[in-house]
Every structure is written in structure tokens, then in C-alpha cells.
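S.K.: Right, I'll just put the structure down here and ask away after.
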Ligand code: AHZ
């Protein structure tokens, strides 16, 4: 009857996330998907667009100020870790902080700006899990474009309801607490919008923000303008004597060293991906990505072990 018609119209109107009082509840939107020149959109107010974004962004910031796991860096290792952890533990609040506007790190290309991506077995199992096609070359597989791997993985990670990704946001420092015996533990990260972080030398102090979590997983890559962030901070904070520094390229040594070495390097902080090579002084592998997947999965399992004990 009339009441169910009104309810249906209300439900339709609610989808537009209205600014209160502007569009009367029950308005039947005159939309038309027509590509012959009569295409008509549902009406909108500019403030509705602002509020739709602001409300969600700041709700995320508010809720994720206390997270279960923070992953720093959304490259191939960080994203593999996020997928493995978030898909298996839906109750965990997993927050990914990525300094760049574009998540994905170095995994948009294979090597030397070429497109194909090589992944050594047995890490090909992960490709089947996320549904990325490849060519089998015996000991390794080849994905036709690294962007196919990265975009698929990214879309799977972002579709998981327990994951929040804050990109264009840099981790500027670690929160380090001491217990009554003086034993130190990484207890969170200090964040700022990347454009603010880039301007610390040109502006007076622009203070950062914080996120606390029982487990921080750092996946910021090897040394570079931003890379190896947490490993370097452990040194300057006095928690690590010196960096091992990434060694020369040796694919057969590098990949197992990174996967098997992935661990909680200091209480509360797990290192994964190429950041670990700077901490441990292990070799680089160049453009072969199986170790980033394996290390990300190992980091996820380490996080579960810490959270469950
Ligand atoms: O933007 C960085 C990138 O997306 C991000 N990042 C770095 N510092 C950050 C900070 N706060 C927030 N302070 C930060 N985000 O971390 C991401 C690192 O991704 P990556 O692709 O550089 O590292 P990865 O370890 O995931 O993958 C390494 C891939 C490599 S390098 C290599 C070699 O040189 O031989 N071989 C492989 C497979």
C-alpha cells in the first residue's frame, strides 16, 4: 500500500546520503541512463559530496586510532601481508599506512621498467589464491604485466571490510613505550599527511598524529628517499646497534633469506619485504617477487602468533 511505497522511496533517497532537509524524503529521482543525449543524473548538493567523504575519512581516523595491526607501506610485501592476515582474521582491525598517493610500491613493473613480473615457485600458489593468470616456465611463473598482479591484489585487499588504507600518509616515527623494567616495545606509529611531512623544513612545526596497535608490521622497502624507515629508526632510537645494509644481488640466496628471516625484530615490530634486507644485511633479489609474497605471508602469521599469545 501507500506506506510500503513511502518506505521504498525513503530507502532509495537514503542511498544518496542527503544533506538534511534539502531534498524532501520520498523524492522520486528523475534519473535516466540514456546515451542518445538525454542522460539525467540524480540531483546533488555540493555539500553532500564533501560530507560523504569527510564523514567516512574521519570516522576511519577516529576508529583506527586504536588498531589491531598497522602495516606501514603498501608495496608487494605489505599488500601480500594485508591480504593473508585480513582474509584469515576478519575480526582484526588492520590499518595500512602508505606514503605515496598510489599504493603498490615498486610492483607496477617487473624490472628495468619492463612489464612482465617473474615469481618463483612455490609462491605461485598465492597467484591462484587471488586469481591472477600466469605462464608456467618450470621453476618460475610469469604474469604478463606486474600491474595485473598489483591491481588485483590491491582490489582484493581493499574489498575486505576489516582493512582501512590511508594513502598519502607517511609514518614519521614509531611510538616506543618502556615497561617498569625499562624493556622497550614498539606500541604504535606517528603519522602525518605526506605533503605535510615533505614540508617540515619549510614550515614551522606541524605536529603529527598517532595510531596505537599491539603489532606494527613495517614493509617500507630497501633504503631510498623513504625506504627502510622503521629499521633506520630502530638505530637512531638506540634499539638496534647498526643496520646490516642490503647486500649485492644473488637471487638464490636472497629470496629464502627474506622469507625465512621475516620476524618480530624488536618487541611489537615485525619487518617484512626488502626493509628486512637493510636490517639483516641480506642480499637483494632484483626483479623476482616470490619472496615479497612469502615474506608478507610469514609476517601475517607472525602477527597472529603475537596476538594469540
Ligand atoms: O611508498 C613506499 C612504498 O609504497 C612505502 N613507504 C616507505 N616509507 C614509508 C613511510 N610511511 C608510509 N615512512 C612508506 N609508507 O612503502 C612501500 C614499499 O614498497 P616497495 O615496493 O618499495 O617494497 P617491498 O619490500 O614491498 O618490495 C620490494 C621489491 C623489490 S626491491 C628489489 C631489489 O632492489 O632487488 N627486489 C624486489 C622484489
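What follows is calculated from the coordinates using simple rules that are stated; it is not laboratory data. Please read these numbers as outputs of a predicted model, since none were measured by experiment. Cβ atoms come from the backbone with ideal geometry, glycine included; neighbour counts cover every protein chain shown.
S.K.: In deg cm²/dmol, rounded to 500, what helix-only [θ] at 222 nm does the chain give when every DSSP H run of at least 4 residues adds -39500 (n - 2.57) and the total is split over its residues? Provide the component values of the computation, followed by the final result.
M.R.: Details: 10 runs with 114 residues, N = 309.
That comes out to -11500 deg cm²/dmol.
S.K.: Same structure, new question: Mind ranking 260-266, 80-86, 233-239 by how tightly packed they are, going by the mean number of other C-beta atoms within 10 angstrom, highest first? Walk me through the numbers before you get to the answer.
M.R.: Details: 260-266: 19.0, 80-86: 27.7, 233-239: 15.4.
Taking the mean over residues of other Cβ atoms within 10 Å, the ranking is 80-86, 260-266, 233-239.
S.K.: Also: Taking 0.36 nm per residue of separation and subtracting the Cα-Cα distance, what length does fully extending residue 34 through residue 167 add? If you can, show how the numbers build up before the last one.
M.R.: Numbers: separation 133, 0.36 × 133 = 47.88 nm, distance 3.57 nm.
Computed gain between residue 34 and residue 167 is 44.3 nm.
S.K.: What ranking do 166, 206 get, fewest neighbouring Cβ atoms within 10 angstrom at the top? Show your work: numbers first, answer last.
M.R.: Working: 166 19, 206 11.
So the ranking, lowest neighbour count to highest, is 206, 166.
S.K.: Still on this structure: Could you work out how far helix 76-88 tilts from the main Cα principal axis of the chain, as a 0 to 90 degree angle to the nearest 10?
M.R.: Here the helix axis deviates by roughly 60 degrees.
S.K.: Using a ≥ b ≥ c from the Cα gyration tensor of the range 33-145 (square roots of the eigenvalues), is it rounded, prolate or oblate, where a/c under 1.5 gives rounded and otherwise the larger of a/b and b/c decides, a/b for prolate?
M.R.: Working: a/c = 2.45, a/b = 1.41, b/c = 1.73.
It is oblate, given that a/c is not under 1.5 and a/b is not larger than b/c.
S.K.: Between the helical axis of 46-64 and the dominant principal axis of the chain, each derived from Cα atoms, what acute angle in degrees is found, rounded to the nearest 10?
M.R.: Helix 46-64 and the main axis of the chain meet at about 40 degrees.
S.K.: Let me ask another. Is the C-alpha gyration tensor of the range 169-272 telling us rounded, prolate or oblate? Criteria: a/c under 1.5 is rounded; beyond that, a/b larger than b/c is prolate, otherwise oblate. Numbers along the way, then the final one.
M.R.: Details: a/c = 2.13, a/b = 1.30, b/c = 1.64.
Judged from the Cα gyration tensor, the range 169-272 comes out oblate (a/c at least 1.5, b/c at or above a/b).
S.K.: Modelled label-to-label distance, residue 129 and residue 249, 7 Å Cα→beta-carbon offset: nm?
M.R.: My value for the distance between the label points is 2.8 nm.
S.K.: Could I ask something else about it? For residue 51 and residue 175, FRET efficiency with R0 = 41 Å and r from the beta-carbon atoms, rounded to 0.05? Walk me through the intermediate numbers first.
M.R.: Numbers: r = 32 Å, r/R0 = 0.77.
The calculated FRET efficiency here is 0.85.
S.K.: Further, regarding this structure: Set the Förster radius R0 to 30 Å, insert the Cβ-Cβ distance between residue 306 and residue 201 as r into 1/(1 + (r/R0)^6), and round the FRET efficiency to 0.05. Could you put the intermediate results ahead of the total?
M.R.: Working: r = 37 Å, r/R0 = 1.22.
Rounded to the nearest 0.05, the efficiency is 0.25.
S.K.: What is the angle, in °, between the Cα long axis of helix 251-261 and the longest principal axis of the Cα atoms in the chain? Nearest 10 is fine, range 0 to 90.
M.R.: 70
S.K.: Please report the spacing between the Cα centers of the range 71-127 and the range 152-172 in Å, no decimals.
M.R.: Cα centroid of the range 71-127 versus Cα centroid of the range 152-172: 10 Å apart.
S.K.: Apply the a/c threshold of 1.5 to the C-alpha gyration tensor of the range 145-189 and tell me whether it is rounded, prolate or oblate. Could the numbers behind the result be given before it?
M.R.: Values: a/c = 3.30, a/b = 2.83, b/c = 1.16.
Since a/c reaches 1.5 and a/b is larger than b/c, the shape of the range 145-189 is classed as prolate.
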